[in-house]
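First comes the structure, then the notes that go with it.
Every number in this text was worked out from the coordinates using simple rules, so none of it is lab data. The model shown is predicted, which means the values in this text are computed figures rather than measured ones. Note: ideal-geometry Cβ built from the backbone for every residue, glycine included; neighbour counts use all protein chains shown.
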Amino acid sequence: MQKQLILVTIAFVFAAQSWAAELEDLRVAPLPLVNTDMVRSLPAELPALSPQPAQMKTLVLISAEGAEITIKYETAVVQEDWAGKDIGAKHVSVAVGDGAFRGTEKVRIALKEWVKTHTGQIVDKTHKLDLEYAGSRTYRGNVPGHVMLYSDYSGDYYHNLVATVNGKRLHSAAGADSFRVEFVHGYRSEKIPQYPKDAFKGLQECSIVDAMFIRQPDLNESVGMLKPCMKAVSKRYGVSVSVEETKRPDSSGPGIGLFVSGKLMIGNPVLIDLNYSIKIRHGGLFGHKAYVEYLK
């Protein structure tokens, strides 16, 4: 008797209206089979699942804003009979860390699994978490149950993740507002990232960002001095980067905003490089708090 696989579409009712707004894109079609996110794998190569025992794996997604989303899990056979098996990720934990966290943020995660069946039907399930502050500027949470990775009975599985901090989404290195997650279940290995670089280094117009001043420039002066630098950065990365005096929505006070606009090609590191450039300068430029934002 052949085994029948019953795929049930699970409809989730959001506990709060904000969930619907923050996770809106999780109702779109699965992302393509191209991983555009910055991913670090520990270890880089993983053995076949069977007959090796379960082994914890670590997957790190580096956001354009500089936060690190760490997913830890182990792969296991969650169902098996004479006709085949289902493989899932069990004991899945998710952590979001950022040096700017104070422990008062609201950090949320939505991890979605998609399956395209042999008949072409798309079925999905979403795991939603409100992460709790765990100290060391990191929020953590555990996914109940398991996340399906592979099945002999159905088609291909895909996964993507949305992370929000105080209602604002983190972006992938390519500028997308969700991350493609490539779990490893013994048949492939994860990818090694290109690490962020100082976007200003080597640009003559940007040498002023590390200059010493007898008097600290005010915001208006700082923005004026940064404009030639942003033109050089724009040329280096092939996108428009502008600078303005602005105030963040989180009421952290006035500061310097670096705004990236236009279409980002896959793999363009401008967002992660600019955030890294600010991070290594203690979170600011000319003594003023600075941040990067992508304007689509």
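Remark: the range 161-177, residue by residue, has Karplus-estimated 3J(HN,Hα) of 9, 10, 10, 10, 10, 6, x, 9, 6, 7, 10, 6, 4, 8, x, 6, 9 Hz, where x stands for each Gly or Pro and the curve is 6.51 cos²θ - 1.76 cosθ + 1.60 at θ = phi - 60°. If you look at the Cα atoms of the range 204-295, you get an Rg and a Dmax of 12.8, 42 Å.
Note on the range 137-151 and the range 200-277: Cα centroid distance 36 Å, given to the nearest whole angstrom.
Can you sort His282, His288 from fewest to most other Cβ atoms within 10 Å of each residue's own Cβ? Let's see the in-between values first.
Details: His282 11, His288 18.
Starting with the residue having the fewest Cβ neighbours, the order is His282, His288.
Taking amide H as placed 1.01 Å from N in the peptide plane, the amide H of Gln55 sits under 5 Å from that of Thr75, each at least 5 places away or on another chain. In this structure the amide hydrogen of Leu149, modeled in the peptide plane, comes within under 5 Å of the amide hydrogens of Ile87, Gly88, Ala89, none closer than 5 places in sequence on its chain.
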